[in-house]
Structures are given as C-alpha cells and as structure tokens.
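Asks: What follows is a single structure, and I will ask about it in a moment.
The values are calculated or read from the model by the stated rules, or taken from the named source; none is laboratory data. Note that the structure is a prediction, hence the values are computed from the model and not measured. In this analysis, Cβ positions are derived from the backbone assuming ideal geometry, glycine residues included, and neighbour counts consider all displayed protein chains. Heavy atoms of the whole protein, side chains included, go into the accessibility calculation; ligands, DNA and RNA do not. Shrake-Rupley method; radii C 1.70, N 1.55, O 1.52, S 1.80 Å.
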Amino acid sequence: ASRKMKLRVYPNMSGNSTVDPAGKERELEERGNLSYRSRRMYLACSREEVVDTISLDQLIQQLGLERVDLVKIDAEGSEETIINAISKSTWAKINAIVLETHDTGNRVKTIKRKLEEAKFRSVRVSRDRRVPSNVYLHARR
C-alpha cells in the first residue's frame, strides 16, 4: 500500500525537492555556498504537494524482481529512512548500491554501517570535489 507524504517542491531547483524541507534549509545554511540572492531564487515559488510513495520492498515485489543489479538513491535527506525500511529479503536481492547523501550529523557513518550489516563486502565512501558536503557511498556484493 502506498503512503501519502508531503513533498516540498522547488521549481527553480526541482532535483532538490524533499520531504524534509527543514533539513534542506539547515543544509543550505551549513554549506553557506549560496548567496542571499541565489537562496531567494532557490526558495521562490516553492510549494507543498501531497504525493503517493512506496518502499523499495514494495517496488521490487510489484515488479516481481528476483535480482536487482544496481540501486541508485539520491533522496534529498531521506536516504536513512529508505535504507532503514529495506527488509533482509530485499537486501539479499540487491547486488550493488550507489547512494548520494550529505555529510550532516552521523548520516554517512550510519548508512555505511547499515550497508555493512546488509553483507555488502565492499563499501566505499567518496566526496564530490566541487561540493564537499556531497558524499557518495558505493556498495557491492
């Protein structure tokens, strides 16, 4: 069954739309790489929309997949929520994960530990040279 969630949509930067607008605001503050003018432009015309969501477990089950070669996650602050909702049986079907997140709190350490607990043999962490707060986790079986 799908779950309804409130999504903050940023039309001027739609790839940053999120279910955690307060977290996105904190991240912008911490990064400090947006001028006041850019920040106003980013936030202009933002709106809230209610959207239907499903878990990765539900998606894989609905598609009838026995194996998934690669899962790519870039969920603007919801990475931990997604990772924590994956069942053991779904983890077993996933061969590799590439995940983009932001280095706030213990997020990277927590996600890395969860991937290791899911029995990925190789978990690598790298940073985006242009935007150091962007962190990529690559996990393979």
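Asks: Just by accessible area at a 1.4 angstrom probe, what is the order of Glu100, Glu80, Glu117 from largest to smallest?
Replies: Ranked list, largest accessible area first: Glu117, Glu80, Glu100.
Asks: Also: To make sure I understand the rule: partners must be lysines, Cα under 22 Å from the Cα of Lys114, and not fewer than 8 residues away in the same chain. Which ones qualify?
Replies: Within the straight-line cut-off, Lys114 pairs with Lys72, Lys88, Lys93.
Asks: Going through the range 33-80, which trypsin sites (Lys or Arg not before Pro) have at most 16 other Cβ atoms within 10 Å and a DSSP loop state?
Replies: Of the trypsin sites (Lys or Arg not before Pro), the ones in loops of the range 33-80 whose Cβ has at most 16 other Cβ atoms within 10 Å are Arg67.
Asks: Further question: Tell me which lysines have Cα within less than 17 Å of Lys6's Cα, excluding those fewer than 8 residues away on the same chain?
Replies: Partners within reach: Lys24.
Asks: May I pose another question? In whole percent, what relative contact order does the range 47-121 give with Cα contacts below 8 Å and a gap of six or more residues? Present the calculation step by step, with values, prior to reporting the outcome.
Replies: Working: 61 pairs, mean separation 25.5, N = 75.
Taking the mean separation of contacting Cα pairs over the length of the range 47-121, I get 34 percent.
Asks: May I pose another question? Per residue of the chain, what 222 nm ellipticity follows from adding -39500 (n - 2.57) for every DSSP H run with n ≥ 4, rounded to the nearest 500?
Replies: The per-residue figure over the chain is -9500 deg cm²/dmol.
Asks: Here's a follow-up. Report, in degrees rounded to the nearest 10, the 0 to 90 angle that the Cα long axis of helix 107-117 makes with the longest principal axis of the chain.
Replies: It is inclined by approximately 10 degrees.
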